[in-house]
1. Of the residues that sit in segment 114-128 and are exposed (fewer than 15 other Cβ atoms within 10 Å of the Cβ) and either part of a helix (DSSP H, G or I) or more than 27 Å from the chain's Cα centre (by Cα) (or both), which one is modelled with the lowest pLDDT?
2. Return the residue satisfying two criteria in turn: it lies in segment 280-290 and is crowded, with 17+ Cβ neighbours inside 10 Å and part of a helix (DSSP H, G or I), and of such residues it is nearest to the chain's Cα centre (by Cα).
3. So residue 73 ticks every box in (1) out of contact with any strand residue (DSSP E or B) (no Cβ under 6 Å at 6 or more places or on another chain); (2) touching a residue at least 12 places away in the same chain (Cβ under 8 Å) but one. Which box is left unticked?
4. Among the residues of segment 291-320, count how many are assigned to a helix (DSSP H, G or I), surrounded by fewer than 22 Cβ atoms within 10 Å (Cβ to Cβ) and in contact with a strand residue (DSSP E or B) (Cβ under 7 Å, 6 or more places away or on another chain).
5. For segment 7-22, name all the residues that are modelled with pLDDT under 95 and closer than 21 Å to residue 237 by Cβ.
6. Test residue 65 against the criterion of being in contact with a strand residue (DSSP E or B) (Cβ under 9 Å, 6 or more places away or on another chain), surrounded by fewer than 17 Cβ atoms within 10 Å (Cβ to Cβ) and either within 25 Å of residue 312 (Cα to Cα) or assigned by TED's automatic domain parsing to the domain that holds residue 125 (or both), and give yes or no.
7. Would segment 133-154 turn up any residue that is out of contact with any helix residue (DSSP H, G or I) (no Cβ under 8 Å at 6 or more places or on another chain), farther than 30 Å from residue 304 by Cα and not in a helix (DSSP H, G or I)?
């Protein structure tokens with residue numbers, strides 16, 4: 001977000017100066033396996049819905065190639081295995097699974113329609129009909145702001161007609177990208193936002209890693225600039241490198257701001273735009289208290305971030321495409337499971353490159369289980385779980401090099417993977433998201449702005 005903001009400000013004729021703590025590009029983080037060019041572990045954001053047209057504007061501008069993400073029950077995944085309560089089900093589409101799974105999917109569709117006027121809300125968004133959106137959305141805020149996602153599921157007529165096991169399956173396997181049990185305590189408004197904007201559908205990944213987006217945008221010279229000469233880029237405006245991480249922000253009496261970086265370098269700016277994780281403003285960056293109201297400080301500090309852990313290995317060939325002699329299906333499929341791995345994803349880089357397996361992608365409690373463990377221990381746990389699903393597949397024998405893993409809650413610059421609002425947080429979101437409208441703010445609170453995924 002910081003790079004995008006800087007890029008757009010540069011086009012308008014401003015001189016943005018970027019401060020960066022830790023790795024460039026925020027949560028759009030990719031890491032290459034040693035000795036293998038272009039073989040990437042997708043540590044941060046890794047699947048991007050086509051409904052995110054703002055994001056794809058920059059992807060297309062930079063000429064970055066993408067491909068369908070191998071989500072369960074999509075053609076990109078080839079095949080899927082649902083492993084639940086020790087039972088496994090092989091499928092290429094939802095219709096290949098037992099009726100139980102279709103009942104769960106249909107029940108959620110019905111719950112959204114009955115409880116959230118879902119089709120009408122989606123159509124209003126497509127039409128950009130703000131008046132109609134508010135007619136539908138405002139009553140939903142009153143109804144669901146203080147109620148959880150699980151409450152929505154459990155109290156819906158559609159799920160009331162089904163068994164508790166149906167709700168259990170919904171949590172473990174879910175819809176779209178997989179199980180949603182990690183989100184059951186979230187506000188239903190947070191989940192509805194994801195569903196209605198199709199953020200969990202028609203997803204793609206960036207070939208070569210999504211970190212290309214911020215890095216290429218940093219070097220990109222726009223065709224049209226308001227003030228700067230042709231060929232200007234964020235990189236040239238910043239002399240080829242970002243400043244070190246900001247450690248102190250102070251407002252001055254003349255309306256400007258004093259920013260101190262980690263090397264004690266002090267600079268003065270006309271305005272400050274903050275895109276870091278919101279908790280850093282009160283824990284790592286010495287931010288002058290009077291810059292925000294107490295209501296806004298509470299909203300920033302109460303913003304909830306969800307945990308996330310991933311573990312990747314590099315393999316020398318796509319062994320999962322081998323045919324199982326007993327079933328005639330793929331030797332290994334994209335598994336969704338209630339085991340510790342939760343979701344495992346198989347990435348094919350083509351015939352001339354090593355390939356990548358995301359052995360485990362887990363959230364919240366499942367992510368915390370592996371938080372203190374070294375990479376090799378995480379791999380062993382994942383392989384042990386997958387061996388119970390695929391007892392005849394020797395994944396370990398195909399692994400090359402060292403594993404790559406991440407726990408976002410352990411990164412001091414992030415303290416979590418992404419925002420997940422709890423019941424009652426809509427007021428906090430309103431304070432944060434509307435902060436850029438500063439005409440009615442006291443003078444000492446103007447000129448510092450917020451953006452980033454904690455604000456969106």
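1. If we take residues in segment 114-128 being exposed (fewer than 15 other Cβ atoms within 10 Å of the Cβ) and either part of a helix (DSSP H, G or I) or more than 27 Å from the chain's Cα centre (by Cα) (or both), then 126 is modelled with the lowest pLDDT.
2. Ranking the qualifying residues of segment 280-290, first place goes to 280.
3. It is condition (1) that residue 73 fails.
4. 1
5. Hits for segment 7-22 are 20, 21.
6. So residue 65 passes the test.
7. no
So that you can scan it fast, the table gives a plain yes or no per residue for (1) assigned to a loop (DSSP other than H, G, I, E, B); (2) within 24 Å of residue 197 (Cα to Cα); (3) modelled with pLDDT of 95 or more:
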site	(1), (2), (3)
31	no, no, no
35	yes, no, no
38	yes, no, no
45	yes, yes, no
55	no, yes, no
59	no, yes, yes
73	yes, yes, no
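The values are calculated or read from the model by the stated rules, or taken from the named source; none is laboratory data. Computed from a predicted structure; not experimentally measured. Using ideal geometry, Cβ is built from the backbone for each residue, glycine included, and neighbour counts are taken over all protein chains shown.
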